[in-house]
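S.K.: Submitted below is the structure of interest, expressed as structure tokens.
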Amino acid sequence: MKSREMKNTIAFFLLSIGLVVMLFPFFWMVLSAFKSQKDVYAYPPIWFPKLWQFENFKKVFDLVPFGRYYFNSILVSVLSTIGQIGVSVLAAYSLARLRFPFKKFIYTFILSTMLMPFVVTMIPTFLIISSFKWIDTYQGLIVPFLFNGFSIIFLVPFFESIPRDLQDAARIDGCGYFKILFAVILSNSRSALSTITLFSFLGHWRNYLWPLIATNTTEMRTLPIGLKYLISEGGSEYHLLMAASLMAIIPVLVLYIFMEKQFIKSVTMTGIK
Amino acid sequence: MMKRRSLVKYNKKETMVAYICLLPALTFAFIFVVIPLINVFYLSLTNWDLIKTSKKFIGLQNYKYIFSDAKFTKSIVNTLLFAGVKIPADLVLSLCIAMLLDRKIWVRRFFRASYFAPVVLPMVAATLIWIWIYDPTFGPLNQILELFGLSPVKWLYDPKWAMFSVILFSLWKGLGYNIVIFLAGLQAIPDTYSEAARIDGANDRQIFFKITLPLLSPIVNFVVLMGIINSFKIFTQISVMTPEGGPLYSTGVMVFYIYQQAFEKFKIGRASAAAVILFLMVLALTGVQKKLGKKHIHYM
């Protein structure tokens, strides 16, 4: 028993060292976001700001339309998530609960789309979107992502696991197919739905490659693209870059601190079933 | 009984409802997956650039071109280098940390939450922090090196170190994901297994290699498969940290090459050829991995 306690102490010690490495970039970002330009380019580097510069945050807004980036990111992520979940729920309901010809074939097809990296279809997708004249529009950023094989395949087993008896009882009560979907299936798979919603939202929020090529004007940039261009447009002034990063990170971090359990659960649910 | 059931005709209304429900998904899949996939093969055989109005069929010339382009072959090497270093390092580190976290230690949940925190950060914002951490003159990393009496490194500006810097950042960013997955796997293994082995005289090493690791093998398979697919997709951190593909193209990966050809040089045909090669490589590698992995794997 003694040796187990010893081992636990060593484990704690090792984890603490790792913790410092994992959290250091966070501290560095927060401290730097408040530094003045002089502190940033001081040699040897200074760890703590001499004078806390709160106007760094204001300067970011003066430099680029940061509020607009934020608005675009929220709008695109929310609409993409709602659309994607809607499309996925309908498809998963059909695959999980209904009998129809070619079901297995369709399931296999959707499953196989998951293995394909987006970059393979990116160029033709770009050409399709430009032929719709959708470059630099919100629909151009949203519509290509409404189909997501993973979120359909993820929902199927959860829908399947709901007892048939519930569905039969609802049918006897006179419920149609769509009533059953809402009253029986969806209301009994809240945990799976919230997991896939979180997962899909974060996916859209961090999307980078597509908005990089599908937007041209500053007004249509999402947060990740805005941050990328801030490097060239902000003259790589690190304190402003850090202030901008901090502002981009805070909502996600706050969400994470309050919903940590849900985040961890969604990883284990989506990773291993 | 079962046989008779399968002979029963499909309910007409049910079939109709099923197809109505599948319609949106299949329509979008058709427009944004099936057609583009066919089209990328076709485009790779044409000489189209976005400026020209006509495209001509030129056979395999694009493939000939990219394979004689030193940048393309280098991008394959760089992608494989990224995968070859990152996947094993990620596997070993995350498994070790997960095993430490599997013990009953103080503030365990705080540890787990902190190791996972970088995963939730937006990639570009996280990249910006590390660009500064890596800054050769003003960055804190070189300062720390000097503290230990080591000579400073030019990180992202040194062709020898640039890829390593990107890998180190990517490890920090993604480690928590695999830790959480391994931890869930470890917690699913009943304690009785290792206790029984201990009574039979097994030591820690034997327990790890004979019990823990074999029981975790489906998860290891999953982590490796995801690692392969994700390595071929890597782009964001490359594009932000090293906008030109790094010194001497030392961080130019395949997606970066495709992006440059298509959207900086407007060579749609060549970019499509490179995308086809990437597709075939992912297909081949996941096929090999599936053959090697004995147990069932879940994709995501």
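S.K.: How large is log10 I(q)/I(0) at q = 0.09, 0.10, 0.11 Å⁻¹ when the Debye formula is applied to the Cα atoms of the protein assembly as shown, each weighted equally and without solvent?
M.R.: Once normalised to I(0) and log-transformed, intensities are -0.78, -0.96, -1.15.
S.K.: Quick check: the angle from helix A:190-205's long axis to the longest principal axis of chain A, C-alpha only, nearest 10 degrees?
M.R.: Rounded to the nearest ten degrees, it is 50.
S.K.: Still on this model: Mind checking the angle between helix A:238-258 and chain A's longest principal axis? C-alpha axes, 0 to 90 degrees, to the nearest 10.
M.R.: 40
S.K.: Taking H as built 1.01 Å from N, whose amide H comes closer than 5 Å to the amide H of B:THR46, not counting residues under 5 places away?
M.R.: B:ILE58
S.K.: Bins of 10 Å, beginning at zero and ending with the bin holding the largest distance: percent of Cα pairs per bin for region B:210-260, please.
M.R.: 24, 33, 20, 16, 6
S.K.: Based on the Kirkwood radius over alpha-carbon pairs, what is the Stokes-Einstein translational diffusion coefficient of region A:1-66 at 20 °C with 1.002 mPa s viscosity, in µm²/s?
M.R.: Stokes-Einstein gives a translational diffusion coefficient of 144 µm²/s.
S.K.: Which three semi-axes in whole Å describe the equivalent ellipsoid of chain A, each the square root of 5 times a Cα gyration tensor eigenvalue, listed largest first?
M.R.: With the √(5λ) rule applied to chain A, the semi-axes are 42, 29, 16 Å.
S.K.: Which Rg and Dmax, in Å, describe the Cα atoms of region B:135-190?
M.R.: Cα radius of gyration and Dmax of region B:135-190 are 16.6, 51 Å respectively.
S.K.: Continuing with this model, one more query. May I ask which of A:LYS103/B:LYS9; A:LYS7/B:LYS86; B:LYS64/B:LYS290 have a Cα-Cα span longer than 24 Å here? Display every interim value, and only then the final one.
M.R.: Numbers: A:LYS103/B:LYS9 14 Å; A:LYS7/B:LYS86 29 Å; B:LYS64/B:LYS290 31 Å.
Beyond 24 Å: A:LYS7/B:LYS86; B:LYS64/B:LYS290.
S.K.: Cross-link candidates for A:LYS38: which aspartates and glutamates have Cα within less than 18 Å, leaving aside residues fewer than 8 places away along the same chain?
M.R.: Partners found: A:GLU55, A:GLU237, B:ASP135.
S.K.: Put one equal scatterer on each alpha carbon of region B:63-292, apply the Debye formula with no solvent term, and list log10 I(q)/I(0) at q = 0.13 1/Å to two decimals.
M.R.: -0.89
S.K.: While we're on this one: Send over the per residue convex hull volume for region A:107-169, Cα only, as a whole number of Å³.
M.R.: Details: hull volume 7.7 nm³, N = 63.
Taking only Cα atoms, region A:107-169 has a hull volume of 123 Å³ per residue.
No lab work stands behind these numbers, since they all come straight from the coordinates. Bear in mind the structure is a predicted one, so any value in this text is a computation, not a measurement.
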